[in-house]
Amino acid sequence: MKKLIVLIVLYFAHSLTVDAQNLLSRIQNNAYTTSEVLEYRIHYGFIDAGVAKLEVDAALKNVAGRSCYRVVGTGKSVGAFDWFFKVRDHYESYIDTETLEPLKFIRDVREGGYKKKQNVSFNHAKSTATSEKKTINTPSRIQDLISSFYYARTLNFTNLAVGDTFLIHCYLDDEIFPMVIKFTGREKINTKLGTFRCLVFRPYLLEGRVFKEKEGMNVWLTDDKNRIPIRAQADVLVGSIKMDITSYSGLANPVAVSK
């Protein structure tokens, strides 16, 4: 489940190369706004394994003199799955409203016997990220697990062609994770909320090489100005894990759905 959560979030970031003078250049954001709420259910085969929620605070916050969105992501195991593998995850990202880069990242997770608490500060002018343990150098437009969702939703996908790929850099646990994202086409996805027109992406983690395709996953993103994730599905050693949207509110634009 931990690997699935990381994969789902990482795929949304797109690494851009900019010079130092443009590090605070404004990026236009028409994809989301304050008070947006997205909720999901996670299935392991036919078993309800967990729920997840992403919420943008109604009020903007101030971090180091910068206006920021505060985004909170939570996830927890449910039902029988909760008995043998308890998950209680809490993430916070403070995203600069102009640059759409994270300034602060908080992670407090419990996943089975694994526990992790971390507070990270990003200095984009110096290209560094600092946690309780260390300071590391970061590439331009570095994103955390939560901010990557929201930053990538502002990108222009108008001229995407099947087979186009993107490079991602995301911060996690004092490391930088590179990932390649491949655009595989457009599909209509049926859910309990209706039928959505979607863009389909397939992420591949890089660890010296691209993972084999069978070890990847698919992610469906609404083919509209919101670009919210509707579904993510990954094959595992036994069966598959799927995440489906269960509710949404506070969207900035009409959604590509027929109820």
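Here the condition is being under 20 Å from P203 (Cβ atoms) and of a type outside the set (S, T, N, Q); of D89, D96, D108, it holds for D89 alone. Determine which member of the set D89, D48 is modelled with pLDDT of 90 or more, charged (D, E, K, R) and either under 16 Å from I245 (Cα atoms) or surrounded by fewer than 19 Cβ atoms within 10 Å (Cβ to Cβ) (or both). From the options D89, D48, the qualifying one is D48. Within region 109-153, the set of residues being of a type in the set (D, E, K, R) and more than 21 Å from the chain's Cα centre (by Cα) comprises K126, E132, K133, K134.
I need the full set of residues from region 224-240 which are modelled with pLDDT of 70 or more and among the β-branched types (V, I, T), in order please. Answer for region 224-240, where residues must be modelled with pLDDT of 70 or more and among the β-branched types (V, I, T): I228, I230. Checked against the criterion of being modelled with pLDDT of 95 or more, buried (at least 18 other Cβ atoms within 10 Å of the Cβ), out of contact with any Lys or Arg (no Cβ under 7 Å at 6 or more places or on another chain) and not in a loop (DSSP other than H, G, I, E, B), the candidates Y248, Y171 yield just one match: Y248. Just to verify a result, which residue in region 29-45, among those that are surrounded by fewer than 19 Cβ atoms within 10 Å (Cβ to Cβ) and at pLDDT 95 or above, is nearest to Y151 (Cα to Cα)? Across region 29-45, the extreme among qualifying residues is T33.
With respect to (1) at pLDDT 95 or above; (2) touching a Leu at 6+ places or on another chain (Cβ under 7 Å), the lone exception for A59 is condition (2).
Looking across region 194-223 at every residue that is in a loop (DSSP other than H, G, I, E, B) and either touching a Leu at 6+ places or on another chain (Cβ under 8 Å) or at pLDDT 95 or above (or both), the one that is surrounded by the fewest Cβ atoms within 10 Å (Cβ to Cβ) is identified as F211. Only one of these conditions is not met by G73: (1) more than 14 Å from the chain's Cα centre (by Cα); (2) at pLDDT 95 or above; (3) surrounded by 16 or more Cβ atoms within 10 Å (Cβ to Cβ). Which number is it? Tallying (1) more than 14 Å from the chain's Cα centre (by Cα); (2) at pLDDT 95 or above; (3) surrounded by 16 or more Cβ atoms within 10 Å (Cβ to Cβ), G73 fails exactly one: (1). Out of D57, D96, D48, one residue alone is closer than 21 Å to W220 by Cβ, touching a strand residue (DSSP E or B) at 6+ places or on another chain (Cβ under 8 Å) and charged (D, E, K, R). It is D48. Can you pull out the residues in region 43-68 that are among the aliphatic types (A, V, I, L, M) and farther than 29 Å from N123 by Cβ? I47, A49, V51, A52, listed by residue number.
A quick yes/no check of all residues on (1) within 19 Å of I230 (Cβ to Cβ); (2) without any contact (Cβ under 8 Å) to a residue 40 or more places away in the chain:
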{"position": "T135", "(1), (2)": "no, yes"}
{"position": "T138", "(1), (2)": "no, yes"}
{"position": "R141", "(1), (2)": "no, no"}
{"position": "D144", "(1), (2)": "no, no"}
{"position": "T154", "(1), (2)": "yes, no"}
{"position": "H169", "(1), (2)": "no, no"}
{"position": "L172", "(1), (2)": "no, no"}
{"position": "F177", "(1), (2)": "no, no"}
{"position": "V180", "(1), (2)": "no, yes"}
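Touching a residue at least 60 places away in the same chain (Cβ under 8 Å), surrounded by fewer than 15 Cβ atoms within 10 Å (Cβ to Cβ) and closer than 25 Å to D96 by Cα: does that describe A125? In short, yes.
The values are calculated or read from the model by the stated rules, or taken from the named source; none is laboratory data. Note that this is a predicted model, so its numbers are computed, not measured. For neighbour counting, all protein chains shown are included, and Cβ atoms are generated from backbone atoms with ideal geometry for every residue, glycine included.
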